[in-house]
1. Where in the stretch 176-198 does the label zone of LYS161 land, with the point 7 angstrom along Cα→C-beta and an amide N cut-off under 11 Å?
2. How long are the semi-axes of the equivalent ellipsoid of the stretch 181-232, defined as square roots of 5 times the Cα gyration tensor eigenvalues? Whole Å, largest first.
3. Calculate, in nm to one decimal, what LYS222 and LYS176 gain on full extension: separation in residues at 0.36 nm each, minus their alpha carbon distance.
4. Any chance you could run the full-extension gain for ASP93 through GLU153? It's 0.36 nm times the residue separation minus the Cα-Cα distance, nm to one decimal.
5. Out of residues 5 or more away from THR47 or on other chains, whose amide H comes under 5 Å of its own, with H placed 1.01 Å from N in the peptide plane?
6. Among LYS170/LYS210; LYS37/LYS79; LYS172/LYS231; LYS70/LYS170; LYS170/LYS192; LYS101/LYS161, which pairs are too far apart, with a Cα-Cα distance over 23 Å?
7. In what order do VAL212, VAL203 fall by count of nearby beta-carbon atoms within 10 Å, going from fewest to most?
8. Label points 7 Å out from Cα along the Cβ direction at GLU34 and ARG78: separation in nm?
Amino acid sequence: MNKFLKQFLPVMAIALLFGSVSVTESRAQGVLNEILKRMDAQNKSLTSLRADVTMAKVDANLGDDADIMKGTAVYLPRKGKDALVRIDWVKPDETLAVVDKTYVIYRPRLQQAYTGSTDSAQKGNQKASGAMAFMNMSRAQLKANYSVAYLGEATVAGGVKTWHLELTPKTKMSYKSAEVWIDSDGFPVQSKVIENNNDSTTVLLSNLKKNVTIDAAAFKIKLPSGTKIVKG
C-alpha cells in the first residue's frame, strides 16, 4: 500500500462510517441488525457451495500492486463437524484441501505436498484462522467476537450490490480489522483482512452455486506416485 493510502486510510474509514449513520443512529443500527439476521439465516440454510475465487494480497512495504491468485472453491458444511473445503488455484497451479482438521497443499510443479493439522497451523498463523472464521459465524458469535460497524452500501466486482461491514476484534489479534461485503441474501461475497502492519488480503467469491450436490470424495486430493510429502 503506498504512502498516499497509508495517510488517508483512517480518514476514509471515518468518512464512510459517518456517512452510513448520517440519517439517524437508530436507523443504522436497524440496518445492521437486518444484515446480521440475513447472514444468520444464510449460514443456517447453506448446504454446499461452488464458486470462483480471487485473492489479492498487498504488501504494505512494496506498494499497492497486488499479488493475484485465481481459482475455484468448493465448500461443504457438516453438522457437528468442521466443514470440508477445497480450493484449486489456477494461477499459480496449487490445490488446498481441508478434511477432518487435516490440510493438504499440493504443488504439482514441485511434485510436493504439504500436510498437517489445522489446529497447529492456526496456532502458528492466527490471522488466517481468526480473521476468516467470521465467514460462517452466527449472529451471536459475530457480536461476541467483534465490534461490528455498518459502512454503507457498495458494489463489488461483477456488479454485485452489497452491504459493507467492518469487524474489529474485541481481543488482541495479529490483524487489526476485517471488512466484509454482504449480498442481499446475507452471503459474504467479499472479505478483506487488514493486518497490524497494514498488509491486506482480499478474497472475492463469484459465480456462486449454492446448495448443489457435492460428493465428499471431491475433497480428497489424489497425489501422483512419486509426490514428496512434507509434514508440517
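1. Taking a point 7 Å out along Cα→Cβ of LYS161, the residues of the stretch 176-198 whose backbone N falls under 11 Å are 184.
2. On the way: eigenvalues 183, 109, 12 Å².
Semi-axis lengths for the stretch 181-232 are 30, 23, 8 Å.
3. Values: separation 46, 0.36 × 46 = 16.56 nm, distance 3.76 nm.
Stretched out fully, the LYS222 to LYS176 stretch lengthens by 12.8 nm.
4. Gain on stretching ASP93 to GLU153: 18.1 nm.
5. ASN211
6. LYS170/LYS210; LYS172/LYS231; LYS70/LYS170; LYS101/LYS161
7. Values: VAL212 10, VAL203 20.
Going from sparsest to densest Cβ surroundings: VAL212, VAL203.
8. In this crude label model, GLU34 to ARG78 measures out at 3.8 nm.
Readers should treat all values here as calculations from the given coordinates under stated rules, not as data from a laboratory. Since the model is a prediction, treat every value here as computed from it, not as a measurement. When we count neighbours, we look across all protein chains shown, and the Cβ atoms used for this are built from the backbone with ideal geometry, even at glycine.
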